[in-house]
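Notes for the one structure printed next.
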Amino acid sequence: MLQSCLDAEGKAGLMMNVRRVDLPTILDQLPALQQPTVSSLSDPDWVAVNTILDGPTVRLIIPVLKAAGARGIVEYPINKIID
């Protein structure tokens, strides 16, 4: 368990809503620990995107994501990453 805490150090999570038509552009801009999770929303024109990034990257990528059409962006801390 200690390793999972060490793996999470310096990481942050991002959640956002994205129009389906903007999704390819967002995914091209979005680095991720592996691949972002993309989930359908009740509005079929929108999806939710959830990913984990290096902390310093978050500050740089949020304006890029907003410009590409992401809305409702939420940043949250990561306590553990368990593989």
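See the values below:
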quantity: Residue count for region 34-47, restricted to those that are among the aliphatic types (A, V, I, L, M) and loosely packed, with under 15 Cβ neighbours inside 10 Å; calculated: 1
quantity: Leading residue by the ranking (nearest to Asn79 (Cα to Cα)) among those in region 7-57 that are among the β-branched types (Val, Ile, Thr) and under 9 Å from the mean Cα position of the chain (by Cα); calculated: Ile52
quantity: Index of the failed condition, Met1 passing every other in (1) under 18 Å from Ile81 (Cα atoms); (2) surrounded by fewer than 10 Cβ atoms within 10 Å (Cβ to Cβ); (3) modelled with pLDDT of 90 or more; calculated: (3)
quantity: Residue count for region 10-27, restricted to those that are part of a helix (DSSP H, G or I) and out of contact with any Pro (no Cβ under 9 Å at 6 or more places or on another chain); calculated: 5
quantity: Total residues in region 49-83, condition surrounded by 15 or more Cβ atoms within 10 Å (Cβ to Cβ) and either more than 10 Å from Ala12 (Cβ to Cβ) or among the aliphatic types (A, V, I, L, M) (or both); calculated: 14
quantity: Pair list, Cβ under 7 Å, 6 or more apart: region 20-43 residue under 12 Å from Leu65 (Cβ atoms), other residue surrounded by fewer than 14 Cβ atoms within 10 Å (Cβ to Cβ); calculated: Gln29/Val64
quantity: Output for region 28-61, where each listed residue is among the hydrophobic types (A, V, I, L, M, F, W, C) and either at pLDDT 95 or above or in a strand (DSSP E or B) (or both); calculated: Val38, Leu41, Trp46, Val47, Ala48, Val49, Ile52, Leu53
quantity: Cross-chain or 6+ apart pairs with Cβ under 8 Å, region 66-83 first and in contact (Cβ under 8 Å) with a residue 24 or more places away in the chain, then β-branched (Val, Ile, Thr) and in a strand (DSSP E or B); calculated: Gly69/Val18; Ala70/Val18; Ala70/Val49; Arg71/Val18; Ile78/Ile52; Ile81/Ile52
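The values are calculated or read from the model by the stated rules, or taken from the named source; none is laboratory data. The model shown is predicted, which means the values in this text are computed figures rather than measured ones. Please note: Cβ atoms are built from the backbone with ideal geometry, for glycine as well, and neighbour counts cover all protein chains shown.
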